Amino acid sequence: MYSSIITQNYINNKLRNHIDGMDNDTLQWYSEPLRFDDIFAGSFLIFFGSFFIALYSLVAYVMFKSDKDIIGFRYLFSASVADVLLLFNYSIWPGITILMKSEIIPKHMRHWFQMYLDWVWFSMCYHYMIVSWSRFAAIRFPNTFRTQKRLLSYSICFCCYIFALIQVLLTHFQPWYVVFYFEPSQYGMLSEDFEKYLTEGQSFFFITFHILMVIIPIFFYTYAIILLLKHKHVKFFSQRKNVLSQSKTYQNIVLNSNMRHSNVESRLIFPCLFNTIVFIIGQVVITLGTGEGKWATWTVLILFGANSAVNPLLLLIFSTTIREKILKILGFHQDNEKKFTHNGKAVSFSHPRSFTNANVQINVSPFYDRSIKSENSYTLSSHHINDDDEILGQSVPV
């Protein structure tokens, strides 16, 4: 991560002298009141981080409340925790330091604060791998993945934070490790020893880690997409057959619900894949360089924040479930006619005999009646999928 930040800050570090660790321009900046560019840089970072933290928190709340039905939401919710922390670390916190003209963290505490920053960053990187695996598992093993326990899902997610902590403890106390810190006058992060960072292995360590965290998700996403394409035509004919026999067997109603559930899980591959692409593009752009000076380091912070900020936008674009639930929370209810249409569709498949004679009362045992109600409730709890079914319904392996 920090190899990209240092590229823009090399000249700034070389110009620093040993007079209180600052050059004359930096000392003058601290002695003057805030200027317009300082206020803009700090305020924009704070507004940017606050807005997307609020939006992401709302999306995360919806995913957490729906994670009993949509297993993939569990992994995305865990990833959202790391992303929200990253938005605070690289948007709100540096914005505060700029407006206050203070690093805030004492110099002797830089190392410990750096450990926290790296822990959050490594956790986010590990989530790329876990989320990509969850998308692959949802497509390759839909029935098994659908019955996964919440404890198991969140235990896997918790391992991301544990492994990140272990990685931090194993690296931060090595003699080759270089500390980074926020420098308000430069609108970004600087290193304490750039030459040491380049020559003693830390730069190579970060580059290797990031390449690995990119290769693994690409493998899972590629495999998952191949499976989707492979089953596309088979699924088309299978669905047509199910429609023709839908009024004959009650088991097909359960199959239809499972197909809808698989559609939601499979559709989540698109925001996850695009987020990985955004991460790769961001790392390439930062590594190639964004220029020199304080606005270059400020741009680096924006790019790091955008890496996390894009996630809730992608989820809102590609997930009908999240969109509808957020609209409901915000008070924008759907038309009653649309709701009636969805409910009517689900009720029409409540029992095969309803197709032949709606006026005939069916005598069934209480146990069978309860099972029908249970299955109907499962059908109605499919989050009213509309465009999810239409787009992926013919390409999802079940």
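Could you list, in sequence order, all residues of region 79-129 that are of a type in the set (A, V, I, L, M, F, W, C) and outside any helix (DSSP H, G or I)? Don't jump to the end; show me each part of the working.
If we filter region 79-129 for residues that are of a type in the set (A, V, I, L, M, F, W, C), which is where we start, we get 79, 81-82, 84-88, 92-93, 96, 98-100, 104-105, 109, 112-113, 115, 117, 119-122, 124-125, 129.
Answer for region 79-129, where residues must be of a type in the set (A, V, I, L, M, F, W, C) and outside any helix (DSSP H, G or I): Ile104, Ile105.
Conditions (1) surrounded by fewer than 20 Cβ atoms within 10 Å (Cβ to Cβ); (2) charged (D, E, K, R); (3) out of contact with any strand residue (DSSP E or B) (no Cβ under 9 Å at 6 or more places or on another chain); (4) modelled with pLDDT of 60 or more, marked per residue:
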position	(1), (2), (3), (4)
Leu244	yes, no, yes, no
Tyr250	yes, no, yes, no
Leu255	yes, no, yes, no
Ser262	no, no, yes, no
Leu268	no, no, yes, yes
Phe279	no, no, yes, yes
Gly293	yes, no, yes, yes
Pro312	no, no, yes, yes
Glu324	yes, yes, yes, yes
Task: Considering residues of region 179-212 that are over 24 Å from Leu169 (Cβ atoms) and out of contact with any strand residue (DSSP E or B) (no Cβ under 8 Å at 6 or more places or on another chain) only, the residue surrounded by the fewest Cβ atoms within 10 Å (Cβ to Cβ) - done: Glu195
Open item on the list: What are the pairs with Cβ atoms under 8 angstrom where one residue, in region 68-79, is farther than 12 Å from Cys160 by Cβ and the other, located anywhere, is of a type in the set (Phe, Trp, Tyr)? Sequence gap at least six, or different chains.
Closed with: Ile71/Phe145; Phe73/Phe64; Arg74/Tyr154; Phe77/Phe64
TODO: Examine region 100-118 for a residue that is touching a helix residue (DSSP H, G or I) at 6+ places or on another chain (Cβ under 6 Å) and of a type in the set (S, T, N, Q), and state whether such a residue exists.
DONE: no
- [ ] Just name the residue that is surrounded by the most Cβ atoms within 10 Å (Cβ to Cβ) out of those in region 46-97 that are farther than 19 Å from Phe274 by Cα and among the basic types (Lys, Arg).
- [x] Lys65
Open item on the list: Tell me yes or no: at least one residue of region 136-148 is surrounded by fewer than 21 Cβ atoms within 10 Å (Cβ to Cβ) and within 29 Å of Trp93 (Cβ to Cβ).
Closed with: no
- [ ] Mind listing just one residue for me: the one in region 3-33 that is surrounded by 13 or more Cβ atoms within 10 Å (Cβ to Cβ) and in a loop (DSSP other than H, G, I, E, B) and, of those, modelled with the highest pLDDT?
- [x] Asp23
Task: Options Ile215, Ile226: the member that is of a type in the set (A, V, I, L, M, F, W, C), within 22 Å of Val168 (Cα to Cα) and surrounded by fewer than 15 Cβ atoms within 10 Å (Cβ to Cβ) - done: Ile215
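The values are calculated or read from the model by the stated rules, or taken from the named source; none is laboratory data. Since the structure is predicted, the reported quantities are computational estimates derived from the model, not experimental observations. Here the Cβ is made from the backbone with ideal geometry for all residues, glycine too, and neighbour counts use every protein chain on show.
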